[in-house]
Amino acid sequence: MQFTIESGGLSLAGHLCRPEEPVTDPPPALVLCHGFPAGPGGAATSAQTYPELAQHLATEAGWVVLTFNFRGTGASPGNFSLGGWLADIRAAVDHVLSTEAVSGVWLAGSSTGGALAMCEAAEDERVRGVAALAAPAAFSTWSDDPESFLAHARAIGVVTDPDYPPDPNAWARELAEIRALAVVAKIPPRPLLLVHGADDDTVPLADARALAEAAADNVELRVVNQAGHRLRHDPRAVAVLLGWLGDQAPPGSG
């Protein structure tokens with residue numbers, strides 16, 4: 001089901017999947033977050049495969065699954081900022097908890113979406129657990145040269161307003177200050193799953209190991225051999241995620 005999520009005055013494009021056979025009554029909910037756009041389509045085609053993944057997770061796990069386009073991607077208006085994307089996750093959590101009869105909300109995300117999911121969970125006690133696939137510990141490659149990164153963001157279409165950002169220094173500071181590594185220790189004792197490809201040439205495996213070490217407690221690190229960065233397309237990684245979801249809300253636990 002397609003719908004919109006209100007976030008900071010923007011109407012974000014969302015997609016909601018309800019299970020035919022809920023694992024519990026009421027079922028748990030998962031907010032599924034995409035990564036930063038890559039590939040020839042850039043922002044316009046970002047997250048196109050996520051509704052399909054959401055449907056698969058809803059069917060196999062028996063969860064309500066909500067996915068959406070961050071501001072500046074797909075059919076969602078606005079311009080990219082890390083702080084804005086973090087606000088979008090909070091808005092998605094608000095939406096699912098206020099509109100769906102669910103037992104609780106968990107977060108999952110790929111790459112940038114996974115890192116920001118950890119940041120949101122660290123500051124939002126309503127989130128009951130997080131799964132992050134190929135997530136960076138920090139955004140240092142962006143923050144080291146924010147002017148070049150802003151030019152890249154314009155080129156791929158996540159920043160379209162010529163007068164944006166209104167405060168370039170503040171926009172750039174977020175790239176350095178919003179870091180999963182700095183806050184991941186706040187997530188436990190809530191569960192944290194980190195899934196990473198052994199051959200990821202976009203985000204080093206060392207990032208996942210650093211996050212696991214910083215979290216210390218109730219964290220599970222799963223390394224997928226001979227896997228690259230786009231783990232949502234790897235059935236082994238999806239199977240790991242489904243297994244983890246089953247551990248969060250086993251049948252009869254509602």
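We did not get these values from a lab; they are worked out from the coordinates using the rules stated. On a predicted model such as this, the values are computed, not experimentally measured, just so you know. Ideal geometry is used to build each Cβ from the backbone, glycine not excepted, and the neighbour counts take in all protein chains shown.
Results, tabulated for the structure shown:
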read-out	value
Local electrostatic count at A117 - Lys and Arg +1, Asp and Glu -1, tallied over other residues with Cβ under 14 Å	+3
Rounded to 10°, Cα long-axis angle of helix 112-123 versus longest principal axis of the chain	70 degrees
Contact order normalised by residue count of the range 2-246, Cα under 8 Å, 6+ apart, percent	18 percent
In degrees, nearest ten, helix 146-156 long axis to first principal axis of the chain (Cα)	70 degrees
Relative contact order (%) - criterion: Cα under 8 Å, at least six apart; region: the range 69-141	25 percent
Cleavage-rule hits (trypsin sites (Lys or Arg not before Pro)) in the range 30-128: DSSP loop, at most 16 neighbouring Cβ within 10 angstrom	R126
Environment charge at I5 (Cβ cut-off 12 Å; Lys +1, Arg +1, Asp -1, Glu -1)	-1
Per-pair calculated FRET efficiency, R0 = 35 Å: E177 and Q2 via Cβ, rounded to 0.05	0.55
Label-point separation in nm, S98 to Q55, each point 7 Å along Cα→Cβ	2.9 nm
Total formal charge among the other residues, if their Cβ is under 14 angstrom from that of T59, Lys/Arg +1 and Asp/Glu -1	-3
Helix 205-215 vs. the chain, principal-axis angle (Cα, 0 to 90°, nearest 10)	60 degrees
Three-way shape label, the range 145-216, alpha-carbon gyration tensor, a/c 1.5	prolate
Extended-chain gain in nm, criterion 0.36 nm per residue less alpha-carbon gap, N225 and E125	32.7 nm
